[in-house]
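No value in this document is a laboratory result; all are computed from the given coordinates. Keep in mind the model is a prediction, meaning the values are calculated, not measured. All Cβ positions, glycine included, derive from the backbone under ideal geometry; neighbour counts span all protein chains shown.
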Amino acid sequence: MGFWDVTLQLLEGFAVSLQIFAVTLAVSLPLGLLICFGSISKFAPLKYLTRSIVWIIRGTPLMLQLMIIYYVPGILFGTPFESALLATFIAFGVNYAAYFSEIYRGGIESIPKGQYEAGYLLGMTKVQTFTKVIVPQVYKRILPPMGNEFITLVKDTSLARILAVGELLFIAYEFNAKGIIWPLFYSGIFYLVMCGLLTILFSYLEKRNRRWS
């Protein structure tokens, strides 16, 4: 099989990887913020329930979570997931929401209480203080760890292959099964390019923040 034929098939797999990446971020970024608010809530039952869920999700492998979401409904209720891709979206979305929630929480709790008091003294409401005073500072502090999670997510999309989702590495393994091994190594270039672009993007955002801080 020729180089361009392999490239085109790998690009099809990479498109699926990018779809997993995009959907995961669309789900996990807002969901992570909701989980964060639960974990810092003054309502103790909600706080400890939320933190327990986050602990379970962060303490178990994403691969295991993929298998649980895809197979357990069929085992327990006799209605297995018909879409491996949908199960992947759910598992990735929930998993990364837990990680993002901890990044959000760390950023929010790192802001001194005096910042809140300063906002109140200026006549701001709690919402105004949070959005205009706290959020800009949190954004600057969470940017580096968020960048790390984005890059990790690019590589984690390869885990979807265990559910036979036709992402990049799954396609590369199919070539390997046919005795053609070089596409497996070639697929690494796609990950490197994507991670490189994200590194450039977050480096730019961090420099921009420093310039305006």
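How many nm is it between the label spots at LYS132 and LYS155, if each spot is 7 Å from the Cα in line with the beta carbon?
Output for this residue pair reads 4.3 nm.
Dipole magnitude of the chain about its Cα centre, charges +1 at Lys/Arg Cβ and -1 at Asp/Glu Cβ only, in debye to the nearest 20?
1080
Can you list which of the DSSP-assigned H helices in the chain have a Cα extent of 18 Å or more along the long axis and an average Kyte-Doolittle score of at least -0.5?
Going by DSSP H runs, the hits are 3-39, 44-59, 62-77, 84-109, 135-156, 182-212.
Based on alpha-carbon centroids, what's the gap between segment 1-28 and segment 119-136 in Å, whole number please?
About 42 Å separates the Cα centre of segment 1-28 from the one of segment 119-136.
Among SER41, SER158, SER52, SER17, which comes first, then next, by fewest other beta-carbon atoms within 10 Å? Walk me through the intermediate numbers first.
Values: SER41 15, SER158 20, SER52 11, SER17 28.
Fewest-to-most ranking of SER41, SER158, SER52, SER17: SER52, SER41, SER158, SER17.
Calculate the spin-label point distance for LEU34 paired with THR199, positioning each point 7 Å from the Cα along the beta-carbon direction, and give it in nanometres.
3.5
Mind checking which lysines have their C-alpha under 29 Å from LYS207, skipping anything on the same chain fewer than 8 residues away?
Candidates past the 8-residue exclusion: LYS113, LYS132, LYS140, LYS155.
When the helix-only estimate is applied to the chain (DSSP H runs of n ≥ 4, each -39,500 (n - 2.57), divided by the residue count), what is the mean residue ellipticity at 222 nm, nearest 500 deg cm²/dmol?
Details: 9 runs with 171 residues, N = 213.
Value at 222 nm, helices only, nearest 500: -27500 deg cm²/dmol.
Using only the Cα atoms of the chain, build the gyration tensor, take square roots of its eigenvalues as a ≥ b ≥ c, and label the shape rounded, prolate or oblate: rounded if a/c is under 1.5, else prolate if a/b is larger than b/c, else oblate.
oblate
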